[in-house]
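Chemist: I'd like to ask some things about the structure below.
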Amino acid sequence: MKKYTYTEQKDTRSGFGEGLLEAGKRNPNAVALCADLIGSLKMDDFKAAFPERFFQVGIAEANMIGMAAGLATAGKIPFTGTFANFSTARVLDQIRQSVAYSKKNVKICASHAGLTLGEDGATHQTMEDISMMKNLPNMVVINPCDFNQTKAATLAILEYEGPVYLRFGRPKVPNFTPADQKFEIGKALLLNEGKDVTIVATGHMVWKALEAGQKLFEMGIEAEIINIHTIKPLDVQAVLQSVSKTACVVTCEEHLRNGGLGDSIAQLLALNVPTPIEMVAVDDQFGESGTPEQLMEKYGLETIDIVNAALKVIKRK
């Protein structure tokens, strides 16, 4: 089992903030819009550096998306910022009609995704956002795993022409990917080679998948671990190549089981090579108030849940 270490824990939203500032330096057409959550989205530095390219729209998310679509029509590259719930469910109509349908070059950047928003509870948590966004034609969906990868992803979508949904979070998580990494949209990353089970993970769950891989290795089980940072377009070749060796797969995500990464993998396998699959995800339910640690444990998103899913799926081969 390949060893992964980290020197610090950092929140992925700060990776977005640093990436956005760098994007502003690299391209004068990069602009930012925020729905009254500048500090939460870590957009302060961009605002300070480029005040004429920053737009505080207030608690008016639908207007923000409409403004972003207009700015894109005028040749700008708008990055919108608010919580994931308000970036998607509140403005799905505007995203569908004004951004996705016409392939506008808008970057929808969504923080505080999943259960780890924590104490704010079900009204602010979102575990259905990936489903909504991946089902929109023309929309790219990205869910990076740590600070460095979020910063790299933010710079990568600057160069990509078309609508993107970039999802990241609030809590501090292990920052273990290289600071100088090249982020390739649609290209999964093989983190560990193995022959007994494939574990594909996205976002905050990637580190937990690595922890699970180590525990499985200590049991004599070799897990192949893949970081799916881009959920759409999915790296089909990477998944199929891995399951051709392992013949079983576990998916891991901080999202509902319905409509998320697991759904995409299951569909891929059903159409190409039917394979036993277990999904570590949230059942068909809303979240609740609690600390991130309490919620991840209660809703079955811990390292031990991945280990148990791997043991279960191996028996189904």
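Chemist: Under the condition of being of a type outside the set (A, V, I, L, M) and surrounded by fewer than 23 Cβ atoms within 10 Å (Cβ to Cβ), which residue from segment 154-169 is nearest to residue 105 (Cα to Cα)?
Modeler: By that ranking, first place goes to 162.
Chemist: Just for segment 73-90: of the residues that are aliphatic (A, V, I, L, M) and surrounded by fewer than 23 Cβ atoms within 10 Å (Cβ to Cβ), which one is farthest from the chain's Cα centre (by Cα)?
Modeler: At the first step, the residues of segment 73-90 found to be aliphatic (A, V, I, L, M) are 74, 77, 84, 89.
After this cut, where a residue has to be surrounded by fewer than 23 Cβ atoms within 10 Å (Cβ to Cβ) as well, the list is 74, 89.
Details: 74: 29, 89: 16 Å.
Ranking the qualifying residues of segment 73-90, first place goes to 74.
Chemist: May I ask you to say which residue of 298, 317 is within 26 Å of residue 172 (Cβ to Cβ) and surrounded by fewer than 20 Cβ atoms within 10 Å (Cβ to Cβ)?
Modeler: Numbers: 317 fails: within 26 Å of residue 172 (Cβ to Cβ).
Result: 298 is the single residue among 298, 317 that is within 26 Å of residue 172 (Cβ to Cβ) and surrounded by fewer than 20 Cβ atoms within 10 Å (Cβ to Cβ).
Okay, residues lined up against (1) free of Cβ contacts under 8 Å to residues at least 60 places away in the same chain; (2) buried (at least 21 other Cβ atoms within 10 Å of the Cβ); (3) over 27 Å from residue 107 (Cβ atoms):
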site	(1), (2), (3)
183	yes, yes, no
191	no, yes, no
267	yes, no, no
275	yes, yes, yes
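Chemist: Ok, one more. Counting only residues that are out of contact with any strand residue (DSSP E or B) (no Cβ under 6 Å at 6 or more places or on another chain) and among the charged types (D, E, K, R), give me the helices (runs of 4 or more DSSP H) lying completely in segment 225-310 with at least 3 of them. Let's see the steps before the verdict.
Modeler: Working: elements: 236-246, 261-272, 292-298.
In segment 225-310, 292-298 are the helices (runs of 4 or more DSSP H) which contain 3 or more residues that are out of contact with any strand residue (DSSP E or B) (no Cβ under 6 Å at 6 or more places or on another chain) and among the charged types (D, E, K, R).
Chemist: Taking segment 229-253 as the region of interest, how many residues are surrounded by 17 or more Cβ atoms within 10 Å (Cβ to Cβ), without any contact (Cβ under 8 Å) to a residue 60 or more places away in the chain and touching a Gly at 6+ places or on another chain (Cβ under 9 Å)? Reasoning before the result, please.
Modeler: Quick first cut of segment 229-253, residues surrounded by 17 or more Cβ atoms within 10 Å (Cβ to Cβ) only: 229-232, 234-235, 238-239, 242-243, 246-253.
Among the residues that remain, those that are also without any contact (Cβ under 8 Å) to a residue 60 or more places away in the chain are: 234-235, 238-239, 242-243, 246, 251-252.
Now drop any that are not touching a Gly at 6+ places or on another chain (Cβ under 9 Å), which leaves 234-235, 242, 246, 251-252.
Going through segment 229-253 one residue at a time, the tally reaches 6.
Chemist: The conditions are (1) under 14 Å from residue 226 (Cβ atoms); (2) within 16 Å of the chain's Cα centre (by Cα), and residue 191 fails exactly one of them. Which is it?
Modeler: Result: residue 191 fails condition (2) only.
Chemist: Looking at segment 198-218 only, could you name the residues that are touching a residue at least 40 places away in the same chain (Cβ under 8 Å), farther than 25 Å from residue 292 by Cα and out of contact with any Lys or Arg (no Cβ under 9 Å at 6 or more places or on another chain)?
Modeler: Looking only at segment 198-218, we keep the residues that are touching a residue at least 40 places away in the same chain (Cβ under 8 Å), and these are 198-217.
Pick out the ones that are also farther than 25 Å from residue 292 by Cα and you get 198, 217.
Hit for segment 198-218 is 217, nothing else.
Read the figures in this text as sums done on the coordinates, not as results from a lab. Please read these numbers as outputs of a predicted model, since none were measured by experiment. Note: ideal-geometry Cβ built from the backbone for every residue, glycine included; neighbour counts use all protein chains shown.
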